[in-house]
Amino acid sequence: MKIIMLGAPGAGKGTQASRIAEKYQIPHVSTGDIFRANIKNGTDLGKEAKKYMDQGQLVPDELTVRILLDRVAQDDCKNGYVLDGFPRTIPQAEVLDAELTKLGTKVDYAVNVEVPDENIIGRMSGRRACLKCGATYHLEFLRPKTEGICDNCGSELVLRDDDKPETVKKRLTVYHDQTQPLIDYYTEKGVLKTVDGTVSPEQVFQAIENILGA
Ligand code: AP5
Ligand code: MG
């Protein structure tokens, strides 16, 4: 099963993608997590990506597409994957489709987690992220078992550099300009499914399970 998560920054794509990955036993592939891991490790890719991410801008398509195609060509992605944060532009979606067509396959579901902009800023300031394993928590809505420590891997939780309110506003603008057009794109392909992202994480996941099936 090949699933794409769509939605504004902070809509809950990562939160839901990790649940999908666990239930359906497919890898959770997040371009944002790949970039953040590279920044943490000080790689050239990380240095390049950070310039854009700290401004709330998208990393150029050329670079992002190469990273993503390398990742999904790995063995663990043979039976499918859930993409979180990719594609984010029409050209990225077209490259992915062309690649899948070559392999005789296609995207099965594009799950759009819908949350109005007003809800996003508050969510982001309370978010805490694990830069080691990519897990995400919230000070109010999704607390780790031990404050400041990742439940999965025991690493320290941090506020992401791009979660400052000014940067979040910029990311929302970039989302509306460059990523929202993908909603029409996947509607035309007949694979778009929209869920209400304003309810609890458990309720959002239930709606997604209803779409994906048992
Ligand atoms: P990326 O890491 O993908 O960030 P994003 O799209 O801005 O999305 P977020 O990770 O901020 O939010 P999310 O939807 O995953 O929400 P989450 O589950 O954490 O990208 C970062 C940057 O990398 C981009 O700005 C860009 O520069 C670059 N990049 C990445 N991919 C790229 C690409 N393809 N092309 C170009 N550039 C790219 O939830 C948010 C918070 O809310 C959490 O605290 C969570 O616990 C909480 N929460 C979740 N669900 C609920 C709920 N139902 N109720 C209450 N709280 C909830
Ligand atoms: Mg995320």
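The values are calculated or read from the model by the stated rules, or taken from the named source; none is laboratory data. Just so we're clear, the structure is a prediction, and the values are computed from it rather than from any experiment. Here Cβ is always computed from backbone atoms with ideal geometry, including for glycine, and neighbour counts include all displayed protein chains. Ligands, DNA and RNA are stripped out before the accessible areas are found, and what is left, the full protein with its side chains, is counted by its heavy atoms. Shrake-Rupley method; radii C 1.70, N 1.55, O 1.52, S 1.80 Å.
Quick one: dipole size for region 120-177, taken about the Cα centre, charges +1 on Lys/Arg Cβ and -1 on Asp/Glu Cβ, in debye to the nearest 20. If you can, show how the numbers build up before the last one.
Details: 11 positive and 9 negative charges, 16 e Å.
The calculation lands at about 80 debye.
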### Task
Compute the signed sum of charges (Lys and Arg +1, Asp and Glu -1) over the other residues within less than 11 Å, Cβ to Cβ, of residue 72.
-1
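Of the beta bridges DSSP finds with both residues in the chain, what % are antiparallel, to the nearest 5? Could the numbers behind the result be given before it?
Working: 7 of 23 bridges.
Of the beta bridges lying entirely in the chain, close to 30 percent run antiparallel.
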#### Entry: Modelled FRET efficiency - R0 41 Å, residue 151 with residue 173, Cβ distances, 0.05 increments
0.80
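Rounded to whole Å and sorted largest first, what semi-axes of the equivalent ellipsoid does the C-alpha gyration tensor of region 74-184 yield via the square root of 5 times each eigenvalue?
Values: eigenvalues 171, 87, 25 Å².
Working through the eigenvalues yields semi-axes of 29, 21, 11 Å.
Do any trypsin sites (Lys or Arg not before Pro) in region 106-177 lie in a loop, going by DSSP, with at most 14 other beta-carbon atoms within 10 Å of their beta carbon, and if so which?
On the way: sites: 106, 123, 127, 128, 132, 145, 160, 169, 170, 171; in loops: 106, 132, 145, 160.
Passing both the DSSP loop test and the Cβ count: 106, 145.
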### Message
Suppose R0 equals 45 Å. What FRET efficiency, 1/(1 + (r/R0)^6) with r the Cβ-Cβ distance, do residue 125 and residue 183 give to the nearest 0.05?
### Response
0.95
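When the helices in the chain are scored as -39500 (n - 2.57) per DSSP H run of 4 or longer and the sum is shared across all residues, what 222 nm value do you end up with, to the nearest 500 deg cm²/dmol? Let's see the in-between values first.
Details: 9 runs with 97 residues, N = 214.
Result for the chain: -13500 deg cm²/dmol, rounded to the nearest 500.
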### Task
Using the Karplus curve 6.51 cos²θ - 1.76 cosθ + 1.60 with θ = phi - 60°, work out ³J(HN,Hα) for each residue of region 183-199 in order, rounded to whole Hz, and write x for Gly and Pro.
5, 5, 4, 7, 5, 4, 6, x, 10, 6, 10, 9, 10, 6, x, 8, 8
### Summary
The Cα radius of gyration of region 1-109, divided by 2.2 N^0.38 Å with N its residue count, comes to 1.04
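Tell me the net charge near residue 195. Cut-off is 13 Å between Cβ atoms, residue 195 excluded, with +1 for each Lys or Arg and -1 for each Asp or Glu. If you can, show how the numbers build up before the last one.
Values: positive: 13, 19, 193; negative: 114, 196, 202, 209.
Here the count lands on -1.
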## Note on the structure
Over 29 Å (Cα to Cα) among 78/170; 51/132; 13/50; 13/170 -> 78/170
### Message
Residue by residue through region 73-90, what is 3J(HN,Hα) from phi via Karplus (6.51 cos²θ - 1.76 cosθ + 1.60, θ = phi - 60°)? Round to whole Hz and write x for glycine and proline.
### Response
7, 6, 4, 5, 8, 3, 9, x, 5, 10, 8, 10, x, 9, x, 10, 9, 4
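If you count only protein heavy atoms with a 1.4 Å probe, what accessible area per residue comes out for the chain, rounded to a whole Å²?
On a per-residue basis, 51 Å².
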### Task
Give the residue from 183, 42, 29 lying farthest towards the positive end of the charge dipole for the chain; charges sit on Cβ (+1 for Lys and Arg, -1 for Asp and Glu) and the dipole is referred to the Cα centre.
42
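Over the chain, calculate the relative contact order: mean separation of alpha carbon pairs under 8 Å at least 6 apart, over the residue count, as a percent.
On the way: 314 pairs, mean separation 63.9, N = 214.
Answer for the chain is 30 percent.
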### Efficiency of FRET from Cβ geometry, residue 94 and residue 202, R₀ 35 Å, rounded to 0.05
0.50
### Task
On the protein heavy atoms, probe 1.4 angstrom, tell me the percent of accessible surface of region 84-214 carried by carbon and sulfur.
49
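If you put +1 on each Lys and Arg Cβ and -1 on each Asp and Glu Cβ, how big is the dipole of region 2-212 around its Cα centre, in Debye rounded to 20?
Numbers: 28 positive and 32 negative charges, 74 e Å.
Charge dipole of region 2-212: 360 debye, to the nearest 20.
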### More than 29 Å apart - percent of Cα-Cα pairs taken over the chain
19
